[in-house]
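Structure, as structure tokens:
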Amino acid sequence: MGQTPIRRVRYLSPGSNVGDIEVNTLAGIRERGGPQEFLTSQVLDFDLLFHLESGTEVHTVDFTDHTLNTGDLLWVRAGQLHQWGRIDDIEGPVVMFGPHAIDDRTSNLIRSQLVRTRNHWTAADLEATPVLRAIGLLTTSIDLDPQKQSSLRQAGLEHSLSALLAYLVLVEPAGGATPQEPTHEAYRWFRDHVEENFRTWHKVSEYADRLGYSTRTLNRLARQHTGLSAKELIDERVVLEAKRQLRHGDTSVAEIAEQLGFDDPSNFSSYFRRRTGTTPGAFRVLR
């Protein structure tokens, strides 16, 4: 199909004294990776967070373009499809961390706070919040000698990162309405089950049966927290995965349909077209 394959990037520690958290700079990762590293779309097996201290860039995360300006922050999650823009034009600190970099309690609290995944915070969003001070605390480790007290240094990084992420998810969009926090654990369970089972379960009733709630309850909670129905959230996740595979892979439409739980490619094509306004084949060739 002539598509550029997704480049899957594993985290490789630059040294024995660097654990699950690496604090670097955009200049540092450019030098380490080389110019070819940032030209193609990537899926990371780790989280990447960077704060722009200078420059502008358009960064694409899961088919959404984020125009980044000085003072903005971007958080790309493990598993998301992302594409760098003009990385040579931007500078600032970078944090890369694995899935076990922060403790389970903090991780669960962060996940429970996030109704929908958010990637981009503007400078206006971060103004008058503790986030910038938390970034400063974390990035001071760049100047520390990693050969000395590495265990204590790693513990400091873990606590600093936990604080940064906790403060970050509490930030409300500048000028926006106060978001409503999840009020029922069933919504979080539903959201997690969708992520785990979207390839095989496409009906709200399947999730309702597993969770022990009615479809009406799941729809009510989904609309309360996102404005979308439970079915729309399921479809959103299925379509996202389909787009990832179509745009940056050579897997046939029939194979993608099978991987996503459709018994017939034509059913998948109809499903995709109803939700995107285009066919899988037409989407694949779009740039």
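Could you tell me whether any residue of region 198-219 is within 20 Å of Thr117 (Cα to Cα) and either modelled with pLDDT under 95 or in a helix (DSSP H, G or I) (or both)? So far as region 198-219 goes, yes, one or more of its residues are within 20 Å of Thr117 (Cα to Cα) and either modelled with pLDDT under 95 or in a helix (DSSP H, G or I) (or both).
So, in region 272-287, exactly how many residues are in contact (Cβ under 8 Å) with a residue 12 or more places away in the chain and outside any loop (DSSP other than H, G, I, E, B)?
Adding up the residues that qualify gives 8.
Would you say Asp192 is surrounded by fewer than 15 Cβ atoms within 10 Å (Cβ to Cβ), more than 19 Å from Leu81 (Cβ to Cβ), acidic (Asp, Glu) and outside the structural domain of Ile110 (by TED's automatic domain parsing)? Working first, answer last.
Values: surrounded by fewer than 15 Cβ atoms within 10 Å (Cβ to Cβ): yes; more than 19 Å from Leu81 (Cβ to Cβ): yes; acidic (Asp, Glu): yes; outside the structural domain of Ile110 (by TED's automatic domain parsing): yes.
Considered against the rule, which asks whether it is surrounded by fewer than 15 Cβ atoms within 10 Å (Cβ to Cβ), more than 19 Å from Leu81 (Cβ to Cβ), acidic (Asp, Glu) and outside the structural domain of Ile110 (by TED's automatic domain parsing), Asp192 comes out as yes.
Go through region 26-56 residue by residue and tally those that are assigned to a strand (DSSP E or B), in contact (Cβ under 8 Å) with a residue 40 or more places away in the chain and not hydrophobic (A, V, I, L, M, F, W, C). Of the residues in that region, 3 qualify. Do you know which of the residues in region 57-104 that are assigned to a strand (DSSP E or B) and charged (D, E, K, R) is surrounded by the fewest Cβ atoms within 10 Å (Cβ to Cβ)? If we take residues in region 57-104 being assigned to a strand (DSSP E or B) and charged (D, E, K, R), then Asp65 is surrounded by the fewest Cβ atoms within 10 Å (Cβ to Cβ).
For every residue, the table says whether it meets (1) in contact with a Phe, Trp or Tyr (Cβ under 9 Å, 6 or more places away or on another chain); (2) in the same structural domain as Thr140 (by TED's automatic domain parsing); (3) under 25 Å from Asp125 (Cα atoms); (4) modelled with pLDDT of 80 or more.
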residue: Met1; (1), (2), (3), (4): no, no, no, no
residue: Pro14; (1), (2), (3), (4): no, yes, no, no
residue: Asp20; (1), (2), (3), (4): yes, yes, no, yes
residue: Ile29; (1), (2), (3), (4): yes, yes, no, yes
residue: Val43; (1), (2), (3), (4): no, yes, no, yes
residue: Asp47; (1), (2), (3), (4): yes, yes, yes, yes
residue: Phe50; (1), (2), (3), (4): yes, yes, yes, yes
residue: Gly55; (1), (2), (3), (4): no, yes, yes, yes
residue: Asp62; (1), (2), (3), (4): no, yes, yes, yes
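Here Ala128 meets the list (1) under 21 Å from Glu57 (Cα atoms); (2) at pLDDT below 95 almost entirely, failing just condition (1). Scanning region 20-56 for residues that are in contact with a helix residue (DSSP H, G or I) (Cβ under 8 Å, 6 or more places away or on another chain), surrounded by 20 or more Cβ atoms within 10 Å (Cβ to Cβ) and not aliphatic (A, V, I, L, M) yields Phe50, His51.
Any chance you could count how many residues in region 232-250 are surrounded by 14 or more Cβ atoms within 10 Å (Cβ to Cβ) and part of a loop (DSSP other than H, G, I, E, B)? So that I can check it myself, show each step before the final result.
At the first step, the residues of region 232-250 found to be surrounded by 14 or more Cβ atoms within 10 Å (Cβ to Cβ) are 232-249.
So of that shortlist, the ones also part of a loop (DSSP other than H, G, I, E, B) come out as 248-249.
Adding up the residues that qualify gives 2.
Return a yes/no flag: does region 185-197 have any residue that is at pLDDT below 95 and in contact with a His (Cβ under 8 Å, 6 or more places away or on another chain). Looking through region 185-197, at least one residue is at pLDDT below 95 and in contact with a His (Cβ under 8 Å, 6 or more places away or on another chain).
Number of residues in region 212-231 that are loosely packed, with under 15 Cβ neighbours inside 10 Å and without any contact (Cβ under 8 Å) to a residue 40 or more places away in the chain equals 5.
The values are calculated or read from the model by the stated rules, or taken from the named source; none is laboratory data. Since the model is a prediction, treat every value here as computed from it, not as a measurement. No Cβ is skipped: glycine too gets one built from the backbone with ideal geometry, and neighbour counts run over all protein chains shown.
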